[in-house]
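Below: the structure, in structure tokens.
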Amino acid sequence: MMPLKRVLPALILVVGLAACTESKPPAPPTEQQIHSSDSAVATGEMGRHPYRCSDGEPLFVDYKDNGLQIDLRRSSSAVPMTLTAPAQGLQYVGETATATFKGSQLTVVEGEGRTRICEREGTR
């Protein structure tokens, strides 16, 4: 009986401390996470999201591979430029360009250093 009297207060203390720890609120989802399921649309079509760039040109973004791959198109029927990211929230890299999301804004840097800042349409 003596060991139980010594263990019980310690057990109550541990349980009490565990109940008092604060949990952090989850971080807001990244653009990749928001659209990561777009490749599983019931119709089988890719989730396509329109953007408008600082030069006035449209840009269409297709999300694939749970958000780890994107296809960028200058028109809905243009040949895509494919970029990949190693993990959610990281920069996409392709043969001739990189792309980075920050909220609803997409920054594309192409081969010669040409930078285009694009805003997702319908978010203003």
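Between Ala27 and Thr107, take the C-beta separation as r, use R0 = 25 Å, and let me know the FRET efficiency to the nearest 0.05.
My answer for the efficiency is 0.75.
The distance between label points at Arg73 and Leu90 comes to 2.8 nm (points 7 Å beyond Cα on the Cα→Cβ vector).
Here, each number is a calculation from the coordinates, and none is a lab measurement. Just so we're clear, the structure is a prediction, and the values are computed from it rather than from any experiment. Neighbour counts are summed over all protein chains in view; Cβ atoms, including those assigned to glycine, are modelled from backbone coordinates with ideal geometry.
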